[in-house]
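Comments concern the structure below.
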Amino acid sequence: DQQVKQNSPSLSVQEGRISILNCDYTNSMFDYFLWYKKYPAEGPTFLISISSIKDKNEDGRFTVFLNKSAKHLSLHIVPSQPGDSAVYFCAASLIGGNTGKLIFGQGTTLQVKP
Amino acid sequence: SQTIHQWPATLVQPVGSPLSLECTVEGTSNPNLYWYRQAAGRGLQLLFYSVGIGQISSEVPQNLSASRPQDRQFILSSKKLLLSDSGFYLCAWTPGRGGYTFGSGTRLTVV
């Protein structure tokens, strides 16, 4: 049962254009969402997060949008740079408890072409 | 500042051999600790998590086990590796809720 889904395994965009990575979830009890970036043979690094009480969070070139009614979030990267080429994972955390468990999607490989 | 160490970076083991991967965290106390696996072409699968010494929760029934003998030490083990155990293993920590900090990962190849 995949509670967090990234249906696009890969995305290719031109440098300078916008990259939009999508993520869908099924569990309405998720209250916190995060995006991670991963280069090959390295651990993922935190990129940006959003609480379920918000619908948008922006940090520099990165903006995350949350649509709770659609159970959908997206990551926008503007402008895209070749160094952004990596695997991007969305993750979700459940309300309550102190386990801090994150449920990850399958990842989307972004390629930014110069 | 907090740091997380994970070793070894790469490991090639024959089928049926034992496994021990170690993860330690510095600069914090009582962290929540996690083991994830990224299999080829797949996402990050949570294997085990621990909220305290000796407290281990397993997310997926499998050939692996985990232990937390000390507050900032988390060990992933197997008595007999299977080919399907190959993958990229990641240790992570968090002070409670919120974002994880991941280790650099261990690439395990079972041959």
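So residue B:8 ticks every box in (1) within 11 Å of chain A (Cβ to nearest Cβ); (2) loosely packed, with under 12 Cβ neighbours inside 10 Å but one. Which box is left unticked?
The number of the failed condition is (1).
Exactly one of (1) within 14 Å of another protein chain (Cβ to nearest Cβ); (2) more than 24 Å from residue A:89 (Cα to Cα) is unmet by residue B:65. Its number?
(1)
Please state which one of B:24, B:101 is closer than 23 Å to residue A:32 by Cα and among the polar types (S, T, N, Q). Talk me through it step by step, then tell me what you get.
Working: B:24 fails: closer than 23 Å to residue A:32 by Cα.
Testing whether each residue is closer than 23 Å to residue A:32 by Cα and among the polar types (S, T, N, Q) leaves just B:101.
Looking at this structure, is residue A:37 surrounded by 14 or more Cβ atoms within 10 Å (Cβ to Cβ), basic (Lys, Arg) and more than 15 Å from the chain's Cα centre (by Cα)?
No, not satisfied.
Of the conditions (1) modelled with pLDDT under 90; (2) closer than 16 Å to residue B:83 by Cα, residue B:12 fails just one. Which one is it?
Unmet for residue B:12, out of (1) modelled with pLDDT under 90; (2) closer than 16 Å to residue B:83 by Cα: (1).
Take residue A:26 and decide whether it is open to solvent by 20 Å² or more (accessible area, probe 1.4 Å), within 14 Å of chain B (Cβ to nearest Cβ) and within 27 Å of residue B:95 (Cα to Cα).
Working: open to solvent by 20 Å² or more (accessible area, probe 1.4 Å): yes; within 14 Å of chain B (Cβ to nearest Cβ): no; within 27 Å of residue B:95 (Cα to Cα): yes.
Considered against the rule, which asks whether it is open to solvent by 20 Å² or more (accessible area, probe 1.4 Å), within 14 Å of chain B (Cβ to nearest Cβ) and within 27 Å of residue B:95 (Cα to Cα), residue A:26 comes out as no.
For the range A:5-23, enumerate the residues that are open to solvent by less than 70 Å² (accessible area, probe 1.4 Å), more than 25 Å from residue B:105 (Cα to Cα) and part of a loop (DSSP other than H, G, I, E, B).
Passing the criteria: only A:16.
Does residue B:76 satisfy the condition of being of a type outside the set (Gly, Ala, Ser), away from chain A (no Cβ under 12 Å), open to solvent by 50 Å² or more (accessible area, probe 1.4 Å) and over 22 Å from residue A:35 (Cβ atoms)?
Values: of a type outside the set (Gly, Ala, Ser): yes; away from chain A (no Cβ under 12 Å): yes; open to solvent by 50 Å² or more (accessible area, probe 1.4 Å): no; over 22 Å from residue A:35 (Cβ atoms): yes.
Here the answer is no, as residue B:76 does not meet what is asked.
Return only the number of the condition from (1) more than 25 Å from residue A:40 (Cβ to Cβ); (2) facing chain A (nearest Cβ under 8 Å); (3) of a type in the set (A, V, I, L, M, F, W, C) that residue B:53 does not satisfy.
Going through (1) more than 25 Å from residue A:40 (Cβ to Cβ); (2) facing chain A (nearest Cβ under 8 Å); (3) of a type in the set (A, V, I, L, M, F, W, C) one by one, residue B:53 breaks only (2).
Is the range B:32-49 home to any residue that is away from chain A (no Cβ under 13 Å) and among the small types (Gly, Ala, Ser)? First the steps, then the outcome.
Here is the first cut: in the range B:32-49, the residues away from chain A (no Cβ under 13 Å) are none.
No: zero hits.
Taking into account only those residues within the range B:11-33 that are hydroxyl-bearing (Ser, Thr, Tyr) and within 13 Å of the chain's Cα centre (by Cα), which is most open to solvent (accessible area, probe 1.4 Å)?
Of all residues in the range B:11-33, those hydroxyl-bearing (Ser, Thr, Tyr) come to B:17, B:20, B:24, B:28-29.
Imposing the further condition that a residue be within 13 Å of the chain's Cα centre (by Cα) reduces the set to B:20, B:24.
Working: B:20: 75, B:24: 29 Å².
The selected residue is B:20.
Residue by residue, here is whether (1) over 13 Å from the mean Cα position of the chain (by Cα); (2) surrounded by fewer than 15 Cβ atoms within 10 Å (Cβ to Cβ); (3) not charged (D, E, K, R) holds:
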{"residue": "B:35", "(1), (2), (3)": "no, no, yes"}
{"residue": "B:46", "(1), (2), (3)": "no, no, yes"}
{"residue": "B:52", "(1), (2), (3)": "yes, yes, yes"}
{"residue": "B:57", "(1), (2), (3)": "no, yes, yes"}
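Please give the number of the condition residue B:111 fails out of (1) open to solvent by 40 Å² or more (accessible area, probe 1.4 Å); (2) at pLDDT below 95.
Every condition holds for residue B:111 apart from (2).
The values are calculated or read from the model by the stated rules, or taken from the named source; none is laboratory data. Fair warning: this is a prediction, and the values are worked out from it, not measured in the lab. As a convention, Cβ positions derive from the backbone with ideal geometry for all residues, glycine included, and neighbour counts pool all protein chains shown. The area values use the complete protein model at the heavy-atom level, side chains included, leaving out ligands, DNA and RNA. Shrake-Rupley method; radii C 1.70, N 1.55, O 1.52, S 1.80 Å.
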